[in-house]
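> Before anything else, here's the structure in question.
The values are calculated or read from the model by the stated rules, or taken from the named source; none is laboratory data. As the structure is a computational prediction, the values presented were derived from the model and not from experiment. Please note: Cβ atoms are built from the backbone with ideal geometry, for glycine as well, and neighbour counts cover all protein chains shown. To get the accessible areas, we keep the full protein, side chains included, count just its heavy atoms, and leave off ligands, DNA and RNA. Shrake-Rupley method; radii C 1.70, N 1.55, O 1.52, S 1.80 Å.
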Amino acid sequence: MSSLKALLRGVLVAAMLVAGSARAELNIEIIGGGASRHAIAVTPFKDEGPIQGNLTPVIRNDLELSGAFRMVDPSTVANVPFEPADIRYPLWQAAGAQSIAIGKVENVAGGQIKISFRLMDISQHKQLTGGEFTVTPDRSRQVAHAIADMIYEAITGQKGFFNTRLAYVLKSGRSYALQISDVDGQRSQTILRSTEPIISPSWSPDGRYIAYVSFASQKPVIWIQDLATGQRRVAANFKGSNSAPAWSPDGSKLAVVLTTSGNSQVYIINAAGGSPRRLMSNGGIDTEPTFSPDGSMVYFVSDRSGSPQIYRVPLYGGDAQRVTFEGNYNVSPKISPDGKTLAYIRRAAGNFKVISQDLATNDTRLLSDGSYSERPSFAPNGSMVLYSSDIGGRSVLYAATADGSSKVKLAVLNGDVQDPAWGPFNNP
């Protein structure tokens, strides 16, 4: 039980252990990549001019971030096409490109711009996808993410995640900041700042709210904040500790950890308020709940077998079933959107690693390299796993492809980042 108590202490005071100053923006660094990446060229769009930094570079960056693409440098090919008829296919094929994205920007009425693009297959000379967006110039970054999403889906068959958002906590001096950003780290916003720790941000399924734990009242209290209005309200402030909020898939409930009965136990509360319902009766410590995608099961960490392991239990009654058996310390469970894969942290030989486990076969895969990693979180399409990792005494964000073939470092300049949470597809 002592090891799980140590885990709980770590969860409740994790924000206190981060040092250094922080800036809002993230820097993306691609680390490795799978051999089967799709080779794509994204040429400069015609007349992208003043919005150039918010269009084709964003598209390229998004696609490379995913680990599914290898970028072909358009400056190495003597062809700058804006229409399909302009494409000199043999040149791009010789450069190794399998597809090419082309486009243009036009000024239209009302101070708006029209951004159009096409994705063409190099070998078959046919269009794979395309679209037009009429927006104000300040929305060109969102359009770039949308174009990257369309390209990603056309090539991989999966829905793209580039218009989603990240949440994380930064520490600067004695100030803690809960922030959200685009998936590439840009357009970061501080939604809450405090001189007391903030931990465990959790997105609502519609992307409108974030639940989190604040120590502003000198004890852990769960809050829910509306991202559109900034208004917030207390979700759980019962006797003792209130921690580890996790939304149900329909957004109506939260699984939380309370100590009203003594040891930490998992409870279910209505997101709108009300009395908590204890999920299980257990003399040990249960913590870190998370829902299955269909909402029928709650996964959690318990020391009931003698060491921290991951279990699952039906939401409306039944026996808990152990899920992890390798190793003697497995914590921080998260389930992939398709319900097939479990990501969690395993301690082995003093190191804390991100592990993915096939729930059908129980086969496991190592996703992280650092000595201390924490808080895995799936992209909404399940293709990547976000986590924080301590590198050289500094905590940074990483995103690894679910197969472990590629990793991306999203480092906060001059500071540390912790408790990452990947937002849903919905992006109000």
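> By DSSP, what percent of the beta bridges with both residues in the chain are antiparallel, rounded to the nearest 5?
Of those bridges, close to 95 percent are antiparallel.
> Show me the trypsin sites (Lys or Arg not before Pro) within segment 146-176 that DSSP assigns to loop and that have at most 10 other Cβ atoms within 10 Å of their Cβ.
In loop regions of segment 146-176 (DSSP not H, G, I, E or B), the sparsely surrounded trypsin sites (Lys or Arg not before Pro) are ARG174.
> Answer with one residue from LEU63, GLY295, SER281: the one whose Cα lies farthest towards the positive end of the charge dipole of the chain, charges on Cβ with Lys, Arg +1 and Asp, Glu -1.
SER281
> Now a separate question. How long are the semi-axes of the ellipsoid equivalent to the chain, from square roots of 5 times the Cα gyration tensor eigenvalues, in whole Å, largest first?
Details: eigenvalues 336, 106, 74 Å².
Working through the eigenvalues yields semi-axes of 41, 23, 19 Å.
> A further question on this structure: In Å², what does the accessible area per residue of segment 275-400 work out to with a 1.4 Å probe?
39
> Further, regarding this structure: Taking a probe of 1.4 Å, how large is the accessible area per residue of segment 40-108, in Å²?
Here the per-residue accessible area is 43 Å².
> State to the nearest 20 debye the size of the charge dipole of the chain about its Cα centre, where the only charges are +1 on K and R beta carbons and -1 on D and E beta carbons.
Roughly 1100 debye for the chain.
> Hey, another quick one. From the backbone phi of segment 99-104, what are the Karplus-calculated ³J(HN,Hα) couplings (6.51 cos²θ - 1.76 cosθ + 1.60, θ = phi - 60°) in whole Hz, Gly and Pro given as x?
Along segment 99-104, the couplings run 8, 9, 9, 10, x, 8 Hz.
> While we're on this one: Given the rule -39500 (n - 2.57) for each run of at least 4 DSSP H residues, summed and divided by the residues of the chain, what is its mean residue ellipticity at 222 nm, to the nearest 500 deg cm²/dmol?
Computed mean residue ellipticity for the chain: -3000 deg cm²/dmol.
> What list of ³J(HN,Hα) values in whole Hz, one per residue of segment 286-302 in order, does the Karplus curve 6.51 cos²θ - 1.76 cosθ + 1.60 (θ = phi - 60°) give from phi, with Gly and Pro shown as x?
10, 7, 6, x, 8, 7, 5, x, 8, x, 7, 10, 10, 8, 7, 9, 9
> Rounded to a whole number, what is D in µm²/s for segment 196-268 from Stokes-Einstein with the Kirkwood radius over alpha-carbon pairs (20 °C, 1.002 mPa s)?
Details: Rh = 12.3 Å.
The Stokes-Einstein estimate is 174 µm²/s.
> Rank by packing, highest mean first: peptides 337-350, 369-382, with packing defined as the count of other Cβ atoms within 10 Å averaged across residues.
On the way: 337-350: 17.4, 369-382: 21.4.
In descending order of packing, they fall as 369-382, 337-350.
> Take every Cα pair under 8 Å in the chain that's 6+ residues apart, average their separations, divide by the length, and report that relative contact order as a whole percent.
Computed over the chain, the figure is 15 percent.
> Loop only by DSSP, 14 or fewer other Cβ within 10 Å of the Cβ. Give me the trypsin sites (Lys or Arg not before Pro) in segment 195-289 that pass, ordered by residue number.
Listed in order of number, the matching sites are LYS239.
> If I compute solvent accessible area with a 1.4 Å probe over the protein chains, what percent of it on the chain is carbon and sulfur?
47
> Let me ask something else. With springs connecting C-alpha atoms under 10 Å apart, model the chain as a Gaussian network and identify which of PRO289, PRO137, PRO333 has the largest mean-square fluctuation.
Highest fluctuation among the options: PRO137.
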